[in-house]
Amino acid sequence: MDAVIYSTQDPAGTNIAKQLEKDEAGITITGTESGLLYAEKDVERMTADFLIFASKHRSESGTPTFTVHVPGNWNAAEMGGKPGQISESDPISMKAMAVALDTQKKKAGIDIGIGMEVDHHGPLCMTPCCFTEIGSTEKEWKTERHAEAVAAAIERIDDARKEIEVKEVAFCIGGGHYCPAFNRMELEGNIAVAHVLPNYAADAVTADAFMQAFERTTEDIDVVLIDWKGLKAPQKEKVLKLTSEAGAEWRKA
């Protein structure tokens, strides 16, 4: 059973929820007065197989985009969640969400990108989950066509689960916040991304946080994919050591 949670403070999340309710999608929808990044108590009370955080996305560039990612903090918890704690990932469902978003935005003629982000911010969620976001300015957050496309993708995620082909589940490492090296494989390839550890978090990541990528994923991790050009030499050495200690196979992305 899929469920959606949104913040009543968030114009994008509210817009998506209104569309789902209008469509009578039959999906459990929960609104919270707190910001989603700090909604751990609300999340703990929810029952779902897969939880979708319907949210706005904000970026400095203001580039219009739909984004998906797992919440959590590899290092410090500056925006909700707990330090060194990442959430439970369902890589098949997250890939299905990204593919469904891509399908629906093309169907609606919406000319904006689909982007993955690395694991970041709160809340900490032990139910398999992902954020599904409209970015990146108030204009996009309040655009009904965008909310309709996201709602349609959420309504059709189960169909997408059945249609996608997944040969490998990957823990992805390296690159910046929007992890371009892993975007195409998520949307077009046969790899499902479980978690993404960015270059800026690699220096301080602990062995415990690193292992959570394997422990907090609904599927077995088949491979660690490393954006080789997206890491400095000391980071590569550290990541390879942690990967070896985890007993995992790796290859360059």
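The numbers here are math on the coordinates, done by the rules we state, and not lab data. The model shown is predicted, which means the values in this text are computed figures rather than measured ones. Cβ sites come from the backbone with ideal geometry, for glycine too, and all protein chains shown count toward neighbours.
Please go through region 1-36 and pick out each residue that is within 20 Å of residue 94 (Cα to Cα) and of a type in the set (S, T, N, Q). Of everything in region 1-36, those that are within 20 Å of residue 94 (Cα to Cα) and of a type in the set (S, T, N, Q) turn out to be 28, 30.
Residues checked against (1) crowded, with 16+ Cβ neighbours inside 10 Å; (2) free of Cβ contacts under 8 Å to residues at least 40 places away in the same chain; (3) closer than 23 Å to residue 26 by Cα:
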position: 138; (1), (2), (3): no, no, no
position: 152; (1), (2), (3): yes, no, yes
position: 160; (1), (2), (3): yes, no, yes
position: 166; (1), (2), (3): yes, no, no
position: 176; (1), (2), (3): no, no, no
position: 196; (1), (2), (3): yes, no, no
position: 203; (1), (2), (3): no, yes, no
position: 207; (1), (2), (3): no, yes, no
position: 210; (1), (2), (3): yes, yes, no
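When each of 203, 208 is tested for being in contact with a helix residue (DSSP H, G or I) (Cβ under 7 Å, 6 or more places away or on another chain) and acidic (Asp, Glu), the lone residue that passes is 203. Got a number for residues in region 199-219 being of a type in the set (Phe, Trp, Tyr) and within 16 Å of residue 169 (Cβ to Cβ)? Here the count works out to 1. For first residues located in region 70-97 and on the phi > 0 side of the Ramachandran plot and small (Gly, Ala, Ser), partners that are buried (at least 24 other Cβ atoms within 10 Å of the Cβ) and assigned to a strand (DSSP E or B) and lie 6+ apart or on another chain with Cβ distances below 7 Å form the pairs 72/86; 81/72.
Figure legend. Inter-residue proximity from region 227-242: first residues without any contact (Cβ under 8 Å) to a residue 40 or more places away in the chain, second residues part of a helix (DSSP H, G or I) and not aliphatic (A, V, I, L, M), beta-carbon distance below 6 Å, spacing 6+ or different chains. Indicated pairs: 242/210.
Taken over region 32-64, the criterion of being farther than 14 Å from residue 122 by Cβ and assigned to a loop (DSSP other than H, G, I, E, B) is satisfied by 33, 45, 46, 47, 48, 49, 59, 60, 61, 62, 63, 64.
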